[in-house]
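The values are calculated or read from the model by the stated rules, or taken from the named source; none is laboratory data. All values reported here derive from a predicted model rather than from experimental measurement. Cβ placement follows ideal geometry from the backbone for every residue including glycine, while neighbour counts extend to all protein chains displayed.
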Amino acid sequence: MIGFLTTSACAVALLIGTAAFAAPPAGSKLTVATIGEPATLDVQLSPVILVQEITQHIFETLFALDTSGVAKPLLAAAMPEVSADGLTYVIPLRQDVTFHNDAPMTAQDVTASLMRWTKINSKGKAAAAYIDTIEATGDHEVTIRLKERFAPLVAMLSQYSVIMPESTLADPLVEFVGTGPFRLEERRPDQYIDLRAFEGYTPPAGEADGYAGAREAMVEQLVFTPVPDANTRVEGVLAGQYDYADSLPISAFDRLEASDVAEPVVLKDSGWMSLNMNMKEGVLTDVRLRQAVANALNSNDLMAAAFDDPGFFTVNGALFPESSTWYSTAGMDIPAEGDMEHAQELLKEAGYDGTPLRILTTRQYEFNYKMAQVAEVYLEMAGFDVDLQVSDWATLTSRRGDLAAWDIFITNSVFPPDPSMHNTFTASYPGWYETPGKDAALASYLSAVGEDAQKDAADALQTQFFTDMPIFKVGDFNSLSAASKKLQNLEPAVWPFFWNVSVGN
């Protein structure tokens, strides 16, 4: 069993350095069953887990996170040189990087890609408020100048801020050309996304360590196949049809553990569950009704319904799991079983008029759907009229961008490397969390200097979060996937990656 490992578990001791491309075995193929069809392959535009999972093989960022969540150079040649006032970041670029169209990566490509990121990506837009200029200051050097200190800049440059040739940048993106170990060969929507080993790839030096370090395409073909039904994914990996199956029901664990063909892959604290609320339009613009939602829900029952086995979840309303250095109980005052009486008082105080509470969910993440069913019961007990709307995940992610279409969407998210990088705190992220208190608390955190000051500011930010209640965070979970026993050097990861992974006999 590749089981009960955190994302910091057992890095693959693989040193590739800057070796020339070594062709993988002819005809070698690795097939991944995903939860569905991604709405796009433009990860700057749609930073959802499924899009990131696939496109990280095609596109790369300047930095990548190692197994400890620390940023390391990827397309950058080294960590940035930061000025004494913390406002200027000089980033040297590797000179051995080639795009899939065989063009060399230049500082101009990097600058153009980062500018696009600041305009269309939710985290990029958040960073843009602090960025004064992004410019090429040499053929292989980019300089970012800030208006004011912005502590999470390098962490943000490790996710979604992918680098593409300037010539391919468009809105919408029609050419998906990156620098990764795999290139896009063909995409047939609802059938497959076919990636091929990129012969022009040169990995960064160093041992493979999480998403950082050496990368090598060890199979000729990497295919992502959308399989929306979770049970079909289970049966497929058990039958040897898929080499890896993502996001499986917990009930499949025993069968996988007993299989001679596949084995379970379990990741502890791999994510968290939440009910995200629309603060910009509709019923929940009134903070009293958002607080009513939070008080009406029994977190114990919601997590038990979603994950069945207590070994796969922890009830926790804090923004980070207990295993994180960022864990805090600051501001937490709602009991795990909820407070139904207080919820009903809040509905009465707010003058709730029976307007339907529209909840978006999907069956592609079965635990989301199960949680939605239990939440519906509790919210109706409190006095809400609930309209539960079920769709595929791609439709949900599209609809949640329409502020007039919903009041709550249920989602699961991964833990970011920095408190300020929680999607919730990004004003442009669906839910549109903007209050004077949040803005002030976030600004204090971003300008905090030193570990103690940052921890105090993070506690204040979480306290403000509970005051405003933009989402109701239910708990943390361990996720279950499965891998063929033929896979070699697979490192469990929240966003599973398949460079450095080979398929044996």
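General remarks:
- Selection from region 52-64 of residues that are of a type outside the set (Gly, Ala, Ser) and surrounded by 21 or more Cβ atoms within 10 Å (Cβ to Cβ): 53, 54, 55, 56, 57, 58, 59, 60, 61, 62, 63
- Looking across 405, 375, 382, one residue alone is small (Gly, Ala, Ser), closer than 27 Å to residue 269 by Cβ and outside the structural domain of residue 51 (by TED's automatic domain parsing). It is 375.
- Some residue of region 426-440 being in the same structural domain as residue 371 (by TED's automatic domain parsing), among the small types (Gly, Ala, Ser), under 19 Å from the mean Cα position of the chain (by Cα) and over 30 Å from residue 227 (Cβ atoms): yes
- Failed criterion for residue 265 (all others in (1) among the aliphatic types (A, V, I, L, M); (2) within 25 Å of the chain's Cα centre (by Cα); (3) not in a strand (DSSP E or B) hold): (3)
- Test: residue in region 144-167 that is surrounded by fewer than 20 Cβ atoms within 10 Å (Cβ to Cβ), farther than 30 Å from residue 83 by Cα, at pLDDT 95 or above and touching a helix residue (DSSP H, G or I) at 6+ places or on another chain (Cβ under 9 Å): yes
- Any hit, region 249-270, residues being within 30 Å of residue 119 (Cα to Cα) and modelled with pLDDT under 95: yes
- Failed item, numbered, when residue 252 is tested on (1) surrounded by fewer than 18 Cβ atoms within 10 Å (Cβ to Cβ); (2) outside any loop (DSSP other than H, G, I, E, B); (3) in contact (Cβ under 8 Å) with a residue 60 or more places away in the chain: (1)
- Residue selected from region 214-243 under the condition among the hydroxyl-bearing types (Ser, Thr, Tyr) and closer than 20 Å to residue 186 by Cα, by the criterion surrounded by the most Cβ atoms within 10 Å (Cβ to Cβ): 242
- Condition met for residue 199 (buried (at least 19 other Cβ atoms within 10 Å of the Cβ), at pLDDT 95 or above, charged (D, E, K, R) and outside any strand (DSSP E or B)): no
- Any hit, region 36-47, residues being of a type outside the set (Asp, Glu) and within 27 Å of residue 325 (Cα to Cα): yes
- Of all residues making up region 267-290, the number that are of a type outside the set (A, V, I, L, M, F, W, C), farther than 18 Å from residue 425 by Cβ and touching a Ser or Thr at 6+ places or on another chain (Cβ under 9 Å): 4
- So residue 284, is it assigned to a helix (DSSP H, G or I) and farther than 30 Å from residue 31 by Cα: yes
- Screening 293, 283, 287 for residues that are surrounded by 24 or more Cβ atoms within 10 Å (Cβ to Cβ) and either of a type in the set (A, V, I, L, M) or in the same structural domain as residue 380 (by TED's automatic domain parsing) (or both) leaves exactly one candidate, 293.
- Selected residue (only one of 42, 85, 109 is at pLDDT 95 or above and assigned to a loop (DSSP other than H, G, I, E, B)): 42
- Hits in region 90-140 (condition: among the acidic types (Asp, Glu) and crowded, with 17+ Cβ neighbours inside 10 Å): 109
- Residue check for residue 337: of a type outside the set (Lys, Arg), without any contact (Cβ under 8 Å) to a residue 40 or more places away in the chain and either in a helix (DSSP H, G or I) or not assigned by TED's automatic domain parsing to the domain that holds residue 283 (or both): no
- Restricting 411, 362 to residues that are crowded, with 17+ Cβ neighbours inside 10 Å and over 17 Å from residue 293 (Cα atoms) narrows the list to 362.
- Single residue of 222, 173 found to be touching a residue at least 12 places away in the same chain (Cβ under 8 Å), outside any loop (DSSP other than H, G, I, E, B) and out of contact with any Lys or Arg (no Cβ under 6 Å at 6 or more places or on another chain): 222
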